[in-house]
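The values are calculated or read from the model by the stated rules, or taken from the named source; none is laboratory data. Just so it is clear, the structure is predicted and the values come from calculations on it, not from any experiment. Because the Cβ atoms are built from the backbone with ideal geometry, glycine has one as well, and the counts that use them run over all protein chains shown.
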Amino acid sequence: MVVDEAVAESVRAAERVTLAVFGASCAERMAQLFTGLRGGDPNRTGDVDLFLEILDELWNLDLEGSIFSARVDALQEFAELQPSEEGLVDVDDIYAFYSVLCMRYAVLYRVSGDAEEALRCAHASLTALGQLDRNMSETAFFEGEHECQRRITLGDTVVDDSLQQLRNSDREASRERLIAVSSRLRK
């Protein structure tokens, strides 16, 4: 697993609310790789809308895990998670897949409360960003993601005032990732 050892230990020992924030934050940083890459397809409008709805729900720390059970099933129906004989070869398909996979694990954490699901979420985002770094010159997305994960798990517990700041920061990181992937598509 590519998740930092200290982060993994902290995740396994963290309180449920910290892990809910951790999962929402990972999903937020990956979100625009789905919404930006799939948003222009009229056949995917419903998926994009649902994805954004689930993302908002992940940030609502008061929602019970049972709310998310149906969300797991809905995400499982996304084209990105359907088996394919060809596999993923197109850049946009690869990063949309990782975005949906990250979201799925964040949702699974909210259903089960199992810290391993939160770690799978973190692993999915790190894998995608490691791949992005390998395919671009002079990027540090992988290390940036490691740092974001460290801040949440090894830093102070997030309180309501800083939750919106964290989400805004995550949105900016997500936008930067989308720009990088989009630049690969233009080559």
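Observations on the structure shown:
- The residue of the stretch 161-182 that is surrounded by the fewest Cβ atoms within 10 Å (Cβ to Cβ), among those that are out of contact with any Ser or Thr (no Cβ under 9 Å at 6 or more places or on another chain) and of a type in the set (A, V, I, L, M, F, W, C), is ILE179.
- Residue in the stretch 49-59 that is more than 22 Å from SER183 (Cα to Cα), at pLDDT below 95 and either buried (at least 19 other Cβ atoms within 10 Å of the Cβ) or more than 19 Å from the chain's Cα centre (by Cα) (or both) present: no
- Matching residues, the stretch 27-59, being closer than 17 Å to CYS121 by Cα and of a type in the set (Asp, Glu): GLU28, ASP56, GLU57
- Restricting attention to the stretch 2-25 and to residues that are closer than 18 Å to CYS102 by Cα and small (Gly, Ala, Ser), the residue that is farthest from the chain's Cα centre (by Cα) turns out to be ALA8.
- Matching entry among LEU37, LEU33, LEU88 (being of a type outside the set (Gly, Ala, Ser) and within 27 Å of VAL11 (Cα to Cα)): LEU33
- Residue match in the stretch 115-134 (condition: closer than 25 Å to LEU163 by Cα and in contact with a Ser or Thr (Cβ under 8 Å, 6 or more places away or on another chain)): yes
- Matching residues, the stretch 71-94, being of a type outside the set (S, T, N, Q) and closer than 22 Å to TRP59 by Cα: ARG71, VAL72, ASP73, ALA74, LEU75, PHE78
Residue-wise test of (1) within 11 Å of the chain's Cα centre (by Cα); (2) surrounded by 15 or more Cβ atoms within 10 Å (Cβ to Cβ); (3) farther than 20 Å from VAL21 by Cα.
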site: LEU81; (1), (2), (3): no, no, yes
site: GLU85; (1), (2), (3): no, no, yes
site: ASP90; (1), (2), (3): no, no, yes
site: CYS102; (1), (2), (3): yes, yes, no
site: VAL107; (1), (2), (3): yes, yes, no
site: GLN131; (1), (2), (3): no, yes, yes
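Residue-by-condition table, conditions (1) without any contact (Cβ under 8 Å) to a residue 12 or more places away in the chain; (2) in contact with a Leu (Cβ under 9 Å, 6 or more places away or on another chain); (3) of a type in the set (A, V, I, L, M, F, W, C):
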{"site": "GLU77", "(1), (2), (3)": "yes, no, no"}
{"site": "VAL89", "(1), (2), (3)": "yes, no, yes"}
{"site": "ASP92", "(1), (2), (3)": "no, yes, no"}
{"site": "MET103", "(1), (2), (3)": "no, yes, yes"}
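- In the stretch 124-140, the residues that are on the phi > 0 side of the Ramachandran plot never reach a residue that is of a type in the set (D, E, K, R) with C-beta atoms less than 8 angstrom apart, at least six apart or across chains.
- The helices (runs of 4 or more DSSP H) found wholly in the stretch 106-186 and carrying at least 2 residues that are farther than 24 Å from ASP90 by Cβ, of a type outside the set (Gly, Ala, Ser) and at pLDDT below 95 occupy 141-154, 160-185.
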